[in-house]
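Engineer: The structure that follows is given in the form of structure tokens.
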């Protein structure tokens with residue numbers, strides 16, 4: 001596989017999955033389902049492998065991707081999912097796959113034929129909806145088999161089959177589209193629907209969908225063990241860039257590569273924004289006084305204000321402060337913001353401590369660079385740090401693991 005295919009952002013992997021679902025192919029989806037110790041990627045990392053021997057995405061730093069292509073051929077031929085385990089704890093694994101990798105971790109990877117059962121996950125991601133994807137990894141119980149899948153929709157707090165049929169209800173009552181309830185216990189009389197232990201899976205599915213994290217949960221039904229991989233697919237955060245100057249381009253490019261859904265907003269209609277900023281997911285032309293009429297500004301929106309026009313910047317910042325946006329990065333020196341602050345005061349607006357905590361100006365992390373892409377790196381890195389609730393520092397000074405661990409228990 002090429003470096004380009006290996007290093008694509010997660011949003012591009014999802015796009016590729018959607019494209020391949022719409023095509024006639026026999027692709028295999030590889031997903032990290034469990035990690036013991038250290039590894040380059042955490043559970044939920046994905047890679048799509050096609051019959052031509054190419055892969056899109058990454059689950060390691062490159063040491064296992066070619067090996068996974070080989071296993072994918074077997075899964076493709078067999079037509080059944082498989083979980084493979086790679087023990088990378090030792091440096092001296094003698095010619096294991098021709099590698100001596102020593103990542104100090106054990107990685108379990110689910111490889112499955114890409115089928116329509118995965119489409120609800122792609123649809124939710126494209127629509128900007130959070131969703132929990134539950135896949136049986138192993139089962140001793142005859143009601144579920146490896147590869148069985150269902151979905152948890154946090155908006156409706158219910159489980160569904162890949163075809164959209166309700167499986168059950170945590171409260172024991174399901175009102176289907178015809179308003180019929182099968183019995184007082186809320187069970188659905190459908191012999192084709194696996195009997196999912198949703199009472200044990202509701203809490204972990206809800207939590208992982210909210211966090212956008214993944215973990216494998218073991219539950220027990222009638223004394224039999226079932227391992228379920230729960231992949232929380234959270235909709236990407238949106239980075240809205242206000243401005244149309246040349247310096248906007250590097251910011252949109254890097255933000256897109258870091259899995260932000262990027263929107264560029266311009267206040268002058270003479271510019272073809274889509275042509276000028278091809279890395280943006282969408283472009284909007286509006287007026288500073290009409291921002292909130294054309295954009296949904298919420299707690300998952302991160303804003304970069306770089307119009308280089310004082311009045312436009314001031315009106316934009318004021319609108320953003322009236323929203324729940326957690327990050328408002330403003331381009332320009334401190335003196336320029338102080339002038340803006342004075343203008344706010346003169347207009348009768350006092351900035352609270354909460355307002356100031358969301359304002360980042362001068363924008364960006366102190367990386368020392370001054371070129372357009374170096375400045376863009378500092379801006380996107382700062383937005384990432386806020387999005388991930390991190391205090392930027394050197395990893396060598398960080399206590400504990402580099403990647404945040406998630407430990408989820410079944411519902412009690």
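A short reminder: the numbers here are calculations on the coordinates, not readings from a lab. Everything quoted here is computed from the prediction, not taken from an experiment. Every residue, glycine among them, receives a Cβ derived from its backbone with ideal geometry; neighbour counts consider all protein chains shown.
Engineer: Among 389, 312, 195, 272, which comes first, second and so on when ranked by fewest other beta-carbon atoms within 10 Å? Spell out each step's value before the answer.
Structural biologist: Numbers: 389 8, 312 17, 195 14, 272 11.
Listing 389, 312, 195, 272 from fewest to most nearby Cβ atoms yields 389, 272, 195, 312.
Engineer: If I build a Gaussian network model for the chain, linking alpha-carbon pairs within less than 10 angstrom, which residue out of 229, 125, 344 has the largest mean-square fluctuation?
Structural biologist: Maximum among the listed residues: 344.
Engineer: With r as the distance between the Cβ atoms of residue 310 and residue 235 and R0 = 25 Å, compute the FRET efficiency 1/(1 + (r/R0)^6) and round to 0.05.
Structural biologist: On the way: r = 34 Å, r/R0 = 1.36.
Using R0 = 25 Å, I get an efficiency of 0.15.
Engineer: Another question about this same structure. I need 46, 276 ordered by Cβ neighbour count within 10 Å, fewest first. Mind dumping the intermediate values first?
Structural biologist: On the way: 46 23, 276 17.
The order, fewest Cβ neighbours first, is 276, 46.
Engineer: Rounded, prolate or oblate: pick one for region 238-395, where a ≥ b ≥ c are the square roots of the eigenvalues of its C-alpha gyration tensor, a/c under 1.5 means rounded, and failing that, prolate if a/b is larger than b/c, else oblate. Could the numbers behind the result be given before it?
Structural biologist: Numbers: a/c = 1.44, a/b = 1.07, b/c = 1.34.
Cα axes put region 238-395 in the rounded bin.
Engineer: What angle do you read, to the nearest 10 degrees and between 0 and 90, between the alpha-carbon axis of helix 310-321 and the longest principal axis of the chain?
Structural biologist: 40
Engineer: Something else about it: Give, in nm to one decimal, the length gained when the segment between residue 398 and residue 355 is fully stretched (0.36 nm per residue of separation minus the Cα-Cα distance). Intermediate values should be presented prior to the final figure.
Structural biologist: Numbers: separation 43, 0.36 × 43 = 15.48 nm, distance 2.86 nm.
That pair, residue 398 and residue 355, stretches by 12.6 nm at full extension.
Engineer: Which of 163, 393, 56 moves the most in a Gaussian network model of the chain with Cα springs under 10 Å?
Structural biologist: Highest fluctuation of the listed residues: 393.
Engineer: Could you work out the percent of alpha carbon pairs in region 5-70 separated by over 18 Å, rounded to a whole number? Provide the component values of the computation, followed by the final result.
Structural biologist: Working: 688 of 2145 pairs.
Result for the distance tail: 32 percent.
Engineer: Sticking with this structure for a sec: Return the single residue from 343, 383, 214 with maximal mean-square fluctuation; model: Gaussian network over the chain, springs between Cα atoms under 10 Å.
Structural biologist: 343
Engineer: Same structure, new question: Before anything else, pin down the relative contact order of the chain: Cα pairs under 8 Å, at least 6 apart, normalised by residue count, whole percent. Intermediate values should be presented prior to the final figure.
Structural biologist: Numbers: 778 pairs, mean separation 47.2, N = 412.
Over the chain, the number comes to 11 percent.
Engineer: Just to verify a number: FRET efficiency for residue 23 and residue 211, C-beta to C-beta distance, R0 = 45 Å, to 0.05?
Structural biologist: Values: r = 32 Å, r/R0 = 0.71.
According to the calculation, E is roughly 0.90.
Engineer: I need the shape label for region 257-312. Rule: rounded when a/c is under 1.5, else prolate if a/b > b/c, else oblate, with a, b, c from the alpha carbon gyration tensor.
Structural biologist: On the way: a/c = 1.60, a/b = 1.12, b/c = 1.43.
The shape class here is oblate.
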